[in-house]
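Right, one structure below, let's go through it.
The values are calculated or read from the model by the stated rules, or taken from the named source; none is laboratory data. Not measured: the values here are computed from a predicted model. In this analysis, Cβ positions are derived from the backbone assuming ideal geometry, glycine residues included, and neighbour counts consider all displayed protein chains. The protein model used for the area step is the full one, side chains on, heavy atoms only, and it has no ligands, DNA or RNA in it. Shrake-Rupley method; radii C 1.70, N 1.55, O 1.52, S 1.80 Å.
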Amino acid sequence: MAGHDSGSILVFAQFQSAVDEGFWHRLSSLKLNKLGIDESPIPITGYYAPCSHPQVSNNLTLLAQSLPSESNEQSSTAATSRGNRNRCPIRGILYNTNTIESFHTLDKKSLLRAEAKKIWDDIHTGRAVEDSALLSRFLLISFADLKKWNFHYWFAFPVLVLDPPATLVDLMPASQYFSLEEAESVSAACNEWRNSSLTADVPFFLVSTDPNSHATVKHLKDWETCQSDGHKLLFGFYDPCHLPHNPGWPLRNYLALICVRWNLKSVRFLCYRESRGFADLGSSLVGEALITVPQGWRDHQSLPNAVGWEHNKGRQVPRSISLAKSMDPTRLAISAADLNLKLMRWRALPSLNLNALSSIKCLLLGAGTLGCQVARMLMAWGVRKITLLDNGRVAMSNPLRQSLYTLDDCLNGGEFKATAAVKSLTRIFPAVDAEGVVMAIPMPGHPVSSQEEDSVLEDCRRLHDLIDSHDAVFLLTDTRESRWLPTLLCANTNKITITAALGFDSFLVMRHGAGPFVSSHDFKVEAANASSAVENIAQADKDERQRLGCYFCNDVVAPIDSTANRTLDQQCTVTRPGLAPIASALAVELLVGILHHPQGIYAEGEVANSLTSESSEQPLGVLPHQIRGSLSQFSQMALVGHSSNSCTACCSTVVSEYRERGMEFIIQAINHPTYLEDLTGLTELMRSASSFKLDWDNETDPDEDDYVDI
């Protein structure tokens, strides 16, 4: 019983694509992290299954796992699991362009013919008989706009064109073609084929029915055996199409194989479809097609014409999709924030270590003009863990210069800076892991009474714990003495320490050298014999290269109270407004340089054009020790200063004393600043300098009129 007019041209229902969002997210990650500007074709895998709904066709689907992993982009098909009845794999190729212009100007005809040639070669060599999945291939061209999360794409499902086209003799539901006994046997055989892990995803097969109505399903390579036994034979395939009068797209290349390999003029085929996971002969179709072998098809070198670009609403145009609206805002913010950093790795900085930046924990001491700028710069570099420490409140004069605060933060006496800064950072970038700590830093020259001592000691312990739990510390406070205790604690724990300090029109940005005890073993041995330990360490320092100095290494006096008896302009940090952003940016760049230097905190101080500098080998250039700049001269210079054996903050004598006496030493240093001078020998040094007399040569040379101002 014919279900279709005989003698008409056989019309096929084209494959339709469906792309899961996970595919685009995976492609974005692959593009940013691995491919960069490489436009080489990428092997991918699509999946389809027989139609399982009477009114909906199955699509060729791309999932996240359709793409290769970032570790090995050439192994997608190898990693594809076989035997999944709902995922018959189809080999595909992806051309992802760098620009929308390149996407539109791709030679689509040539790309399609290249994929069609693979099918043609597999047919002529017999590989498609051994592995029938090779009869179906697909091509995908795309452009990913990673700034807006827009994706432009176009699928092609290449098929070889029969010329003249195949004509349809008849087409009917399979349930009408088979007898009851045959239908039952065919259903059982197909279900067995589909349930076996060895054949579930083999999409082309033979259905052989003997005179006793017993059906078996066989591989294509068994065709000659089936011919000799005189059984009724159908060429079966998994049909993704649901239409009652049209077979699906895979039949086109199937007919080409049959025509070339077995030279058949009449082909009876089975469009296999399912319902609820079982063979459904009511929706499956059996048809007969007449084929005229096209001229030249016997010649392997004569490639037929190919078609297959997918239609979009009846037109041959590409599709586009935007994921921005469907994405979680926080996730979208993370992707956008990381975009600039990942783009750096494409060309400018391939060695950029984003993991080191995203995992480092930074402690910012001071949430004022410098602290606000440093926090924002850190986030721009991908740092996600930031702690701000400050005990001040936001004043009306702050928001103009301190970029994290607004007028609302100043009302009702002002919110604590540390708290307000964290709220602002979270508004700017919800994924930041920021914490605010409200506390004062104990300082030398600011004596504490016995009633306050417990509170100050608690602050000291808390600061110790904060420094110990962070990887890098920024000293951004506005007084000299407030930097002493953090400098000591950082030297003790060998933390990356960076200082930024401002004058009216000048600034200093520097990284502190490593602590005096570069060995990581326990200090108990040194504590048992402090003097011996100091001698050993000093000798070790002589053997090794000299440490870089800290903020206090060039001082010949201990830090004291710098705020007493000062006028208003001396109490406030009066600077040119452009100074803080410059110094803050340089401070963060120093941190990034340290993290990317092979010697890290132990890296020597470098200056431009230095003969000993290894800057040419470092991706970020020179790694200076100190940067001193002047806005009045619009100048900047890099300097190197080594550690001092008499430094009141980082020398081995002071660190040893702190390790041995702990908080008792801190209280003594706070209440009696001259104690630090006595301990380090600065008192004796100044006494010696005062008693040292110079004999001046009063004779002048009339020819020596030049002089130098220092």
Exposure rule at most 15 other beta-carbon atoms within 10 Å, DSSP loop trypsin sites (Lys or Arg not before Pro): the chain longest free segment: 348-544
Using alpha-carbon coordinates, inclination of helix 108-125 to the longest axis of the chain, degrees: 60 degrees
Alpha-carbon Debye profile of the range 222-350, log10 I(q)/I(0) at 0.19 Å⁻¹: -1.20
Dimensionless Rg over Rh [the range 276-385; C-alpha; Kirkwood]: 1.34
Pairwise Cα inverse-distance average, inverted: Kirkwood Rh of the chain (Å): 31.9 Å
For the range 45-63 versus the range 16-40, the gap between their alpha-carbon centres in whole angstrom: 21 Å
With Cα atoms, 0 to 90° folded angle of helix 329-344 axis to the chain main axis: 80 degrees
Equivalent ellipsoid semi-axes, the range 32-152, via Cα gyration tensor eigenvalues times 5, rooted, Å: 26, 19, 16
Anchor Lys218: lysines whose Cα lies under 18 Å away (excluding residues fewer than 8 positions away in-chain): Lys232
Listed residues Ile627, Cys651, Asn59: farthest to the positive end of the dipole of the chain (Cβ charges): Asn59
Loop-exposed GluC sites (Glu not before Pro) per DSSP, neighbour cap 15 Cβ within 10 angstrom, longest uninterrupted part of the chain: 71-451
Extension reserve of the Ser635-Ser8 stretch, reckoned as 0.36 nm per residue once the Cα distance is removed: 217.2 nm
Helix axis angle, 530-543 relative to the chain longest principal axis, alpha carbon, degrees: 60 degrees
The chain, accessible area per residue, ligands and nucleic acids excluded (1.4 Å, Å²): 48 Å²
With every protein chain in place, the chain: carbon and sulfur % of accessible area (1.4 Å): 50 percent
Dipole in debye (nearest 20) - the chain, about Cα centre, beta carbon charges: Lys, Arg +1; Asp, Glu -1: 3660 debye
Sequence-distant lysines (8 or more away, or on other chains) whose Cα lies within less than 26 Å of Lys148: Lys31, Lys34, Lys108, Lys313, Lys325, Lys342
For the range 125-272: Kirkwood Rh in Å [reciprocal of mean 1/r, alpha carbons]: 17.1 Å
Stokes-Einstein translational diffusion, the range 414-475 - Kirkwood Rh over all Cα pairs, 0.890 mPa s, 25 °C, in µm²/s: 178 µm²/s
Spread of Cα-to-Cα distances over 5 Å intervals beginning at zero, given as percent, for the range 472-520: 5, 21, 30, 22, 13, 6, 2, 1, 0
Relative contact order of the chain, defined on C-alpha pairs under 8 angstrom at six or more residues apart (%): 10 percent
